[in-house]
Amino acid sequence: MAPVAVRMKGISKHFGGVKALDNVDLEVLAGEVHALLGGNGAGKSTILKVLNGVHVPSAGTIEVAGVPLTTHSPAASRAAGIAMNYQEMSLIPTLTVAQNVFLTREAKSGGLIDDTEAERRAAELFAMLEVEIDPRAIVGDLGAGQKQLTEIVKAISQDARVLVLDEPSTALAVSDVDRLFTFLRKLKTQGVAIIYVSHRMDEIARIADRATILRDGQNVTTADIADLPVDVMIEHIVGKRSLGLADVARNVAVQGDVALELRNVSGRNKPKDISLKVHKGEVVGLAGLLGSGRTSLAKLIAGIEPITAGEIRINDRPVHIRRPSDAIAAGVALVPEARATQGIIPSQSVADNATLAVLDKLSKFGFVDAAKMRATTDAQIERLSIKTASRDHAVSTLSGGNQQKVVIGKWLASDPDVFVLDEPTAGIDIGSKSEIIQMVRDLAASGKAILMISSELSELLTACDRIIVMAEGRSHADIPHANLEDPADVNTNAAHRVQVAEQRLQIAIQNALKSEQEISNDLH
């Protein structure tokens, strides 16, 4: 048996009267990938922050490679050989990629910081992952997926004995996840212990050797992955029998008039000459790899980025969207990719967040009508089944899934015609994920037009009526959901049908990439 890299015994952590961890044990072996699973609020991030020295445990002991960890601070954990990438990214947006990767560990020459050496070393690390990111690029200019890869490289640059990856694939395309897994397997052979947190069950089955599952701050089980089929994992995580996304009811869409139409629309860089239609009562997905232009398209529709050519039409009328307020006035709502920084104000209450988009309707002579504010908030809490102790609690105290419901509820209160959802289930557990996808289907059934972006193909296939495949900012295919399923599979289970459709969609994405490569070759 491999030596124990991390042994955490009887770990408890209290925040005031809230018990986030209750006598939790976690043991990770050298040279294994150990999955840490659980729903939002289960205690995963808390126990990892205890291990990394961010939180001091209320009780319990920690050993790293057999040596007790008696000082609880990030510096002490780093000295013990622990490196962690956080789900809430810790990058500084005004610094370059290389400066972020080696922050506090800068290379020096003649007593001065040597940025050139940092850029060289960062380039080597990205080359090992086989991804192309310019070490000299300013982090604030990067997309979410590139930031995620930079966060991962920052963690692996520390030559750690214990590498903690908290939701590392949230913003990554399938190909980038494959490269990450190849690299993690190399680290395993070198004896590195890897703690891997993810809500994506397919990833866990592919990469993990064992798993520990937490629920409500307590251990549920630790077992080999071979002894944890996906349905059993989900049952342990949510506390009841569930099929995950297969539980989502896919009613036949009743399409109405066209609510959103793009005619030959282009942005400054991406998208390029995009034309598409989304009908009322329809969910249209955008599929593609990192850099395909999906988020740029969403920002363009929402007025965050400018249109350089083409026309946007809402309810068959041309609209001129130059800023977010124009999009909102036209009946467009964007649920952004970065929920924590762009979707909510974490320190403010559920009520403050849920009514943010309709303050003008709730105000008179510059004063908010408190009764109307309470009624609007309570209506959204009930409609979306938001789990919160009170409308007055800070939204940061809610789980990721419930925070996302607050963001959606905020826009529902303004009654938009078009929802643009960018990675609506990123960082959300499997139970809440199913609820969000079901909510998307229900919104469409109520007559809303929905354009949805997701890096998880199974989500797109569960939620969407049509899927548009993008590459390099261009649309390459518009595929009805029915065309991705095999008519001969009607009698097989839902999970198998989704798997077959996912393979076909992956082929369509690869074909789009090949087409772009051919276009590039012709130009050169």
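With respect to S198, is the statement that it is of a type in the set (S, T, N, Q), within 22 Å of the chain's Cα centre (by Cα) and under 30 Å from N23 (Cβ atoms) true? It would help to see each step written out before you state the result.
Values: of a type in the set (S, T, N, Q): yes; within 22 Å of the chain's Cα centre (by Cα): yes; under 30 Å from N23 (Cβ atoms): yes.
Taking the combined requirement at face value, the residue satisfies it.
Determine whether segment 85-107 contains at least one residue that is exposed (fewer than 14 other Cβ atoms within 10 Å of the Cβ) and small (G, A, S). Don't jump to the end; show me each part of the working.
We begin by selecting, within segment 85-107, every residue exposed (fewer than 14 other Cβ atoms within 10 Å of the Cβ); these are 88, 90, 92-94, 104-105.
Now restrict to residues that are small (G, A, S): 90.
Looking for residues that are exposed (fewer than 14 other Cβ atoms within 10 Å of the Cβ) and small (G, A, S), one finds at least one in segment 85-107, hence yes.
Matching residues to (1) touching a helix residue (DSSP H, G or I) at 6+ places or on another chain (Cβ under 6 Å); (2) farther than 29 Å from H481 by Cα; (3) among the aliphatic types (A, V, I, L, M); (4) at pLDDT 95 or above:
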site	(1), (2), (3), (4)
V192	no, yes, yes, no
V197	yes, yes, yes, no
M201	yes, no, yes, no
G217	no, yes, no, no
R250	no, no, no, no
S275	no, no, no, yes
V283	yes, no, yes, yes
L286	yes, no, yes, yes
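Residue-level check: of (1) more than 23 Å from P424 (Cβ to Cβ); (2) crowded, with 21+ Cβ neighbours inside 10 Å, A160 misses just (2).
Whenever a residue of segment 403-425 is at positive phi and not assigned by TED's automatic domain parsing to the domain that holds I453, it has no partner that is at pLDDT below 90 and among the acidic types (D, E) lying with C-beta atoms less than 7 angstrom away and at least six residues away or across chains.
Report yes if I345 is modelled with pLDDT under 90, of a type outside the set (K, R) and at negative phi, otherwise no.
On the way: modelled with pLDDT under 90: no; of a type outside the set (K, R): yes; at negative phi: yes.
So I345 does not fit the description; no.
Answer yes or no: is there a residue in segment 319-339 that is assigned to a loop (DSSP other than H, G, I, E, B), among the acidic types (D, E) and in contact (Cβ under 8 Å) with a residue 60 or more places away in the chain. Checked against the condition, which is being assigned to a loop (DSSP other than H, G, I, E, B), among the acidic types (D, E) and in contact (Cβ under 8 Å) with a residue 60 or more places away in the chain, segment 319-339 yields at least one hit.
Which of the residues that make up segment 384-428 are of a type in the set (D, E) and either within 23 Å of A327 (Cα to Cα) or surrounded by 23 or more Cβ atoms within 10 Å (Cβ to Cβ) (or both)?
Scanning segment 384-428 gives D415, D417, D422, E423.
Among residues of segment 93-119 that are assigned by TED's automatic domain parsing to the domain that holds R78, those with a Cβ under 6 angstrom from a residue that is assigned to a helix (DSSP H, G or I) and surrounded by fewer than 17 Cβ atoms within 10 Å (Cβ to Cβ), sequence gap 6+ or separate chain, pair up as P93/G140; A107/E117.
Listed by first and then second residue, the pairs linking a residue in segment 34-51 that is at positive phi to a residue that is among the hydroxyl-bearing types (S, T, Y) and surrounded by fewer than 22 Cβ atoms within 10 Å (Cβ to Cβ), with Cβ atoms under 7 Å apart and 6 or more places separating them unless they lie on different chains, are G41/S399.
The residues in segment 296-318 that are among the small types (G, A, S), without any contact (Cβ under 8 Å) to a residue 60 or more places away in the chain and in a loop (DSSP other than H, G, I, E, B) can be counted, and the count is 1.
Quick one: which of L129, L163, L149, L125 is under 23 Å from I82 (Cβ atoms) and in contact with a Phe, Trp or Tyr (Cβ under 6 Å, 6 or more places away or on another chain)?
Numbers: L163 fails: in contact with a Phe, Trp or Tyr (Cβ under 6 Å, 6 or more places away or on another chain); L149 fails: in contact with a Phe, Trp or Tyr (Cβ under 6 Å, 6 or more places away or on another chain); L125 fails: in contact with a Phe, Trp or Tyr (Cβ under 6 Å, 6 or more places away or on another chain).
After ruling out the rest, the residue left standing is L129.
Considering only segment 370-389, I want to know if a residue exists there that is among the hydroxyl-bearing types (S, T, Y), touching a residue at least 40 places away in the same chain (Cβ under 8 Å) and under 20 Å from G401 (Cβ atoms). Within segment 370-389, one or more residues are among the hydroxyl-bearing types (S, T, Y), touching a residue at least 40 places away in the same chain (Cβ under 8 Å) and under 20 Å from G401 (Cβ atoms). Which residues, counting only those in segment 258-271, are surrounded by fewer than 20 Cβ atoms within 10 Å (Cβ to Cβ) and at pLDDT below 95? Of everything in segment 258-271, those that are surrounded by fewer than 20 Cβ atoms within 10 Å (Cβ to Cβ) and at pLDDT below 95 turn out to be R268, N269. Among the residues of this structure, I314 counts as one that is more than 21 Å from the chain's Cα centre (by Cα), of a type in the set (A, V, I, L, M), in the same structural domain as E261 (by TED's automatic domain parsing) and surrounded by 15 or more Cβ atoms within 10 Å (Cβ to Cβ).
The values are calculated or read from the model by the stated rules, or taken from the named source; none is laboratory data. It should be emphasised that the depicted structure is a prediction, and the values quoted were computed from it without experimental measurement. Methodologically, a virtual Cβ is constructed for each residue, glycine included, from the backbone with ideal geometry; neighbour enumeration extends over all protein chains shown.
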